[in-house]
Amino acid sequence: MSFTIVKEATPRLNRSELAVPGSSPKFFEKAAKGPSDVIFLDLEDAVAPDDKEQARKNVIQALNDIDWRGNGKTMSVRINGLDTHYMYRDVVDVVEQAGHNLDLIMIPKIGTAGDVYALDMLVTQIEQAKGIKHRIGFELIIETALGMANINEIAKASPRVAAITLGGEDMAADLGLPVELLVAAQPD
């Protein structure tokens, strides 16, 4: 038996998760009142490059203006990948300006434990600087062979890790597999 003490992530009801593009604020109120347990406001795949800055502003305003928690929602924001120039502003602006109303950060294309560590360090410093009392959790998306090869270390990289999701289509693309194989492998 190990003497390693692992702090559990905050337990959250997660029967369903709804993605809402950050560039489409007209859907925010409807999502807040809908049946999904977790709402993730997307800054990544659902947002065109020219709309990313405005989408970030929309997401910050929605986190601050809509009573998500009063509607029983766990709030998450999917940031842009660590390999993009959008990621830094996504994390800094959203956490600094709306971190008090944020439960999770969804992080795409995690490849190594160092990726998680770097974001943990940044978010910890912002939480301390802004007086955010709760720990914002991480939902990690494994979408590459590198991420799969490092999944054990990634899972242990931070007490913020609340969930790990496998991104099938991006994984298939990374491995050079046709996406049709994923569709054929899905249960009916």
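The values are calculated or read from the model by the stated rules, or taken from the named source; none is laboratory data. In this text the structure is predicted, and so the values were computed from the model without any measurement. Here the Cβ positions follow ideal geometry from the backbone for every residue, glycine too, while neighbour counts run over all protein chains shown. Each accessible area value is taken on the protein alone, full model and side chains, heavy atoms only, with ligands, DNA and RNA left out. Shrake-Rupley method; radii C 1.70, N 1.55, O 1.52, S 1.80 Å.
At a glance:
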{"quantity": "Heavy atoms of Glu96 accessible to a 1.4 Å probe, total area in Å² rounded to 10", "calculated": "80"}
{"quantity": "Rounded to the nearest 20 debye, dipole of the chain from Cβ charges on Lys, Arg, Asp, Glu", "calculated": "820"}
{"quantity": "Violating pairs (Cα-Cα greater than 25 angstrom) within the set Lys30/Lys156; Lys26/Lys52; Lys26/Lys130; Lys52/Lys156; Lys30/Lys133; Lys26/Lys73", "calculated": "Lys30/Lys156; Lys26/Lys130; Lys52/Lys156; Lys30/Lys133"}
{"quantity": "Average Cα contact separation per residue, the chain, under 8 Å, 6 or more apart, as relative contact order %", "calculated": "17"}
{"quantity": "Cut-off 13 Å (backbone N to label point 7 Å along Cα→Cβ of Asp67), residues of segment 33-49", "calculated": "33"}
{"quantity": "Amide proton proximity set for Arg78, modelled H, under 5 Å, gap of 5+", "calculated": "Leu41, Asp42, Leu43, Met106"}
{"quantity": "Virtual spin-label span in nm between Ser24 and Ala149, 7 Å along Cα→Cβ", "calculated": "3.7"}
